[in-house]
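Below: the structure, in C-alpha cells.
The values are calculated or read from the model by the stated rules, or taken from the named source; none is laboratory data. Source: prediction; values computed, not measured. FYI the Cβ positions are ideal-geometry reconstructions off the backbone, even for glycines, and counts take in every protein chain you see.
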Amino acid sequence: MVPVLFFGAALGALGGAVGVIATRNPFYGVLALIVHLVSLAVLFLLLSAAFLAAAQVVVYAGAVIVLYVFVVAYIGGGEESAWEPIPGQRLLAPLLGLALLVELAIAVLASSLLALGTDGPDVGPGFGDPASIGTLLLEKFLIPFEASSILLLLAAVGAVVLAGRRRDGDAGTPSERFAREERPPSGDSSPTQHRRVASEEGVPVAPSRGTTS
Amino acid sequence: MSIEWYIVLSSLLFATGAVGILIRRSPVVILLCLELMLNAGNLALIAFSRMLGNEEGQVFALVVMVVAACEVVVGLGLIVAIFRRRLPLDVDALRELRG
Amino acid sequence: MSATSWAWLVLLLPLLGSLVVSLGFRAIPARAAGVLGTASVGLAFAAAVAVLVSLLGEEPEARHHASSLYEYASAGGLEVELGIYVDQLSTLMILVVSGVSTLIHLYSLGYMRSDEGYHRFFSYLNFFVFSMLLLVLAGNFVLLIVGWAFVGFASYALISFWYRRTTATRAGMKAFVINVVGDIGLVLAAFLIFQQLGSFEYGAVFERAPEAFERGEWTVTAICLLLLLGAFAKSAQIPFHTWLPDAMEGPTPVSSLIHAATMVTAGVYLIARTNVLFYLAPTAADIAAFAGLATLLVAGTIALAMTDLKRAIAYSTMSQIGYMIMGVAIGAYSAGLFHLMTHAFFKALLFMTAGSIISAMANRQDIDRMSGFWRAMRFTSIMFVIGGLALAAFPLTSGFFSKDSILAFAEARGGIYFWMAIGGYVGALLTALYTFRLIFRVLPGKPCAEAQHLIDTGELYHGEPQNPASGEREDTEVGFPGAEHQIAEHSKPMAVAMAALAAGALLAGLVQVPGVTNVLFGFLEPAFHDSPLAAIHPSVAHEWRGLAIGAVISVGGIGLAWLLWGARPQLPAAFRARLRPVYLLAVDKWYFDEAIDLLVVRPALAIGRFADRSFERLVVDGIVSGTAETVRGAGGIVRLVQSGFVRGYALLVIAGFAGLALYFLIVSQ
C-alpha cells in the first residue's frame, strides 16, 4: 500500500515539476504547480507529518497559488522569445541539473548514514500532530515563531508599497521621470497653480490628486 | 519505503527546479520554479525529521513555508510593479545592472 | 653664555628671519620685510662678535669647542650629530659672512626697493646667510654637506631671481649643475673618510688621519682630490668656473654677497679646514695650488677683454679666489684667510658701485657705453676708486697687505712655490691693469648720455626695460627688475653700506702689518698648529721686500692702465688688431664653455637620448604599460561575468554549488 501511494505521489510531484518548467503558458504552469503541491502533501502524510501536510495544502495550494493565479490573470500569458542571448545556457542548464542530481544521489545512496536505509524509528501516533508542533513552536522555537510573524508583516507592507497604486508621475523609465520633473507641470491641473488659484479664492486645496491610476 | 527514496526524490525535484530557473525567461515562471526548489527542500527536511524521530525538522519546514510565502508575495509585487511600468516581463531584457 | 651658545644663536637668527619673511609675506609690508631681514643678519653679526669675545677670554690653545644639539643617526658604527665646531677659523668666517651680509642687506634695502619680489629676495638672502653660516660652523662632514647643498640651492634661487628672464634661469641651472658635480666629489670624499677613519666628526677625523695614513698614500690623495672637486666647483676655479660669469644674471647684491664675499670662498674654507688631510696628500695640494695659479692668470687675461662691467668684476673674483686657493693649498692658511677677509670688503664694495652705475645706466652693463661718471656720481666714483685701489693692492690698502702675505709665504717656502710667487706677481700686474681699465673707461671723460642726464636733471635716465645681455624687451612686473633704479647718491642705505665697506677696504689691512701688528695671524695660528707648514714664517725683512715689489707692480700697473685707457686710448685698439688671436682667446673666455659643451654636455645628452630610445621605451615603458595592459585585459575578461543576465548569474551559482558538492564528495571518500 505504502509503495503504491509513494510512487503515485512521486509521479505526481515529478509530473507537476516538469509541467512547471516545460509549459509555455504560465497559467498552465500554475496548474502544474498545484498538482505538484498536492502530491507533496501526500508524501508528507506518508512521512507522518500530518500537520504539515495540512499546512501545505492550506498555505501553499490555498493562499500562494491563489496569489499566483491573480497575478497571472492580471499580467496575462506572454510568449517567451526563443532566441537565447546567453551563449551556452541552453546546453549547460540540463547538464548542470543532471550533475546536481547525480551528486546529491551519490551523497545519499553512498552515505554511511545507515539510518537512511530504514523507515525510521517507531513513532507513536502523536508524531507530527498539531499539538506536538504547536508545543514546539511555543516552547522551544518561540523566537523563530515570533520572528517569522514579523517577517510576514514586513513582506505584506513591502508588497503593498511595491505594487501600490501609481500616480501619473511614476510612469516611465527613471530618466523619463527625471526629465519630467525638470519641466514645471503644465496645464490647469498643476498642483501649484491649483493651490494659488484656490488660495486666492479662499478654497481649501486637496493635498493630492487621486484621479488617475 | 526507506528514507533514501524520499531524499532522492527531493534531489530530483530540486534539480528540476534549478534547470527551470536556468532556462525560463518569464519572472513568474522563475518564481514557480523557485517554489519547486523550496518544496524539495521541505520534503528533505520532513524526511530527515522522520528518520530521526524528531519533530524539530517539521517545525523547520513550517518556517520555510512561511518564508517562501513572504518571498512569493514580494516577488509577485515586484512583477506587478514591473508590469505597471510597461517594462517587458523578461529577465533577459531587464539587464541594466551590468559591468 | 658660552661661545657655542652664541654660535647657535648666530645660526638661528638668519633662519628665523628667512622663515618669518617668507611665511608672513602677505602680512608684512615690504619695507618691514627688508628691515627684518637686515636686522636678523645684523643680530647674527652681533652674536658672532660675542662668540669672538668669548673665545678671546680663553687660552689660545683652548679655543676650540664642539657642541651638539642632538644625534640624528646612530646605526652600525655610524654616528651623526647635529653639531657645530667653534674655533678661530669658523669664528673668522662667521664674522666675515655675517658682517658683510649685514652691509649687503642694508644695500639691498635701497637697491631692490621697487622690485615686486622684495619679500622673496630677503627671504632667500637670509636663507643663504643661514646656509653659509651652517657650512662654516658645521662640526662634521655631514652637516658640512648639508650647508654646502643649501648654499648651492640658495645661489640657484638668487641667480634665477628674475625668473622671467630666460638668460637668468639658464644661468641658475648652469650654476646648480656645476655645483652638483662638485657636491658629488664632496660626498664621495666624505664616504671615503668615513670608510677609512670611521667617523664624520672633525675632531675625530683630524686626530686619526695622521696615524691612519702615510704621507702621500693614494687613499688620502683620493680623498683630497674629491674634496678639491667640490671646492673648485663652489669657488669657480678652472675647469669648473664657467658658471660664475653667467651668475651675474642675478641682482647686484646677490653678485656681491654670493659671488664675491661668501659662497665662492667656501672652497677656500674647505681646504683650510681639512688642512690636516691636505698635508698628508702633497700631490693633491700641489694640484690645488697649480689650479689656483692657472685660474688667477687665465681669469686675469679674460677680465682684460670683458666689456660687461659685472662680468669683468666676476672674472676678477675668480682670479682673487685663485690667490686664496693657492695660498691655502701651499700652507699659507692665515694669509689665505686674510685675503679672503679683505677681498670680501673690497669686492663687495666694487659690486655695489657697479650696481649703482648700472642703475644710472638704466640697467645697461656695457662699459663701451659708459663714461664721465666722475662728474655725475661723485660718491659712487670715490667708492669705485677705493675698491679698485684695494683690489690692485695699492700700497697701504688692505689688499696690499693681504695679497702680498700670500706671495711672501710662497717665496719663503721655496722650490716650485717660488715660481708660483712669480706667477702671483704677474697676476698682480694683470689685476691692477684690468681694474683700472674699468675705472679709466667709466669714470673720466665726457659724460655719456645717461650721465649727462643725471648731471643736468639730478634724476636717473629712464630707459626701456631690457635684458642687458640679450637686449630683449621686458616689463617690470614680478620676475623682472623693478621699474625704478636706485643709485647710492639717492639712497641712504646703499651709501651707508658702501661707506662701511670702503672703510674696511682701506683699513682692514692694518691688522696685519708685518713686524708691526699681528692681530689676525696671532688669532688664527693656533687653529693650524697641527700643520708643519704653518711653521714656515717669512722673515719680516722678506715680507717688506715682498711688499715693496708689490707696491711697484701695483703703481706701475695703474700707470700702465692710465697710459692705455686714459692718455692714449688708441693704443688698446692697436694692440687688439696686432694680437688678434690672443685677443680672441681672451674675449671668448679661453673657449672653456665650448670645450665643456663638446666634451661633457653633448655626450651626456646623446647618452640620454640613446637610453630613452632603447632602455626607457622598451624595458621600462614595456613593463609599466605591459602591466597596465595585462590588468586591463584581465579586467576585460572578468567583466564578461557581469553580463546583467540574471539567468547567467544563476547558472554560475548552481555551477559553483555543483562544484562544491563534488569537492565534498571526493574529500569525504
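Structure notes:
- Scanning the range A:1-25 for residues that are surrounded by 18 or more Cβ atoms within 10 Å (Cβ to Cβ), more than 8 Å from chain B (Cβ to nearest Cβ) and among the aliphatic types (A, V, I, L, M) yields a single hit, A:Ala9.
- Which listed residue is part of a helix (DSSP H, G or I), within 14 Å of another protein chain (Cβ to nearest Cβ) and within 60 Å of the chain's Cα centre (by Cα), from C:Gly626, C:Gly648, C:Gly636, C:Gly608: C:Gly636
- When A:Leu142 is tested against (1) under 31 Å from the mean Cα position of the chain (by Cα); (2) modelled with pLDDT under 90, only condition (2) is not met.
- Just one of the listed residues (C:Gln669, C:Gln642) is outside any helix (DSSP H, G or I) and out of contact with any Gly (no Cβ under 9 Å at 6 or more places or on another chain), and it is C:Gln669.
- Total residues in the range A:77-106, condition touching an Asp or Glu at 6+ places or on another chain (Cβ under 8 Å) and more than 7 Å from chain B (Cβ to nearest Cβ): 2
- For the range A:46-91, taking the residues that are part of a loop (DSSP other than H, G, I, E, B) and among the polar types (S, T, N, Q), the one that is modelled with the lowest pLDDT is identified as A:Ser81.
- Filter result for C:Ser131 (buried (at least 24 other Cβ atoms within 10 Å of the Cβ) and touching a Leu at 6+ places or on another chain (Cβ under 8 Å)): no
- Which listed residue is of a type outside the set (Phe, Trp, Tyr), buried (at least 24 other Cβ atoms within 10 Å of the Cβ) and out of contact with any Asp or Glu (no Cβ under 6 Å at 6 or more places or on another chain), from C:Ala204, C:Ala247, C:Ala222, C:Ala209: C:Ala247
- Scanning the range C:79-111 for residues that are charged (D, E, K, R) and assigned to a strand (DSSP E or B), we see that the one that is surrounded by the fewest Cβ atoms within 10 Å (Cβ to Cβ) is C:Glu79.
- When residues of the range B:39-62 are limited to those that are of a type outside the set (D, E, K, R), under 15 Å from A:Gly126 (Cβ atoms) and over 21 Å from the mean Cα position of the chain (by Cα), the one farthest from the other protein chains (Cβ to nearest Cβ): B:Asn54
- All of A:Tyr74, A:Tyr28 fail the test of being within 24 Å of B:Arg24 (Cα to Cα), facing another protein chain (nearest Cβ under 8 Å), free of Cβ contacts under 8 Å to residues at least 60 places away in the same chain and aromatic (Phe, Trp, Tyr), apart from A:Tyr74.
- Selection of first residues in the range C:490-513 that are more than 22 Å from C:Thr38 (Cβ to Cβ) and of second residues that are surrounded by fewer than 22 Cβ atoms within 10 Å (Cβ to Cβ) and among the aliphatic types (A, V, I, L, M), restricted to Cβ pairs under 7 Å at least 6 apart or on distinct chains, gives the following pairs, ordered by first then second residue: C:Val511/C:Val519; C:Gln512/C:Val519.
- Matching option when the condition is basic (Lys, Arg) and within 24 Å of B:Met37 (Cβ to Cβ), among C:Arg632, C:Arg639, C:Arg647: C:Arg647
- For the range A:123-169, the set of residues classified as within 8 Å of another protein chain (Cβ to nearest Cβ) and either closer than 20 Å to A:Phe44 by Cα or touching a His at 6+ places or on another chain (Cβ under 9 Å) (or both) consists of A:Val123, A:Phe127, A:Gly128, A:Ser132, A:Ile133, A:Leu136, A:Leu137, listed by residue number.
- Test: residue in the range B:66-82 that is more than 7 Å from every other protein chain (Cβ to nearest Cβ), surrounded by fewer than 18 Cβ atoms within 10 Å (Cβ to Cβ) and assigned to a loop (DSSP other than H, G, I, E, B): no
- Qualifying residue in the range B:83-96 (condition: in contact with a Leu (Cβ under 9 Å, 6 or more places away or on another chain), assigned to a helix (DSSP H, G or I) and surrounded by fewer than 21 Cβ atoms within 10 Å (Cβ to Cβ)): yes
- Pair list, Cβ < 8 Å and 6+ apart or interchain, from the range C:92-110 residues that are farther than 17 Å from C:Phe130 by Cβ to residues that are aromatic (Phe, Trp, Tyr) and surrounded by fewer than 24 Cβ atoms within 10 Å (Cβ to Cβ): C:Leu92/C:Phe523
- If the condition is being facing chain A (nearest Cβ under 7 Å) and in a helix (DSSP H, G or I), then the range B:18-38 contributes B:Ala18, B:Val19, B:Gly20, B:Leu22, B:Ile23, B:Val28, B:Val29, B:Leu32, B:Cys33, B:Glu35, B:Leu36.
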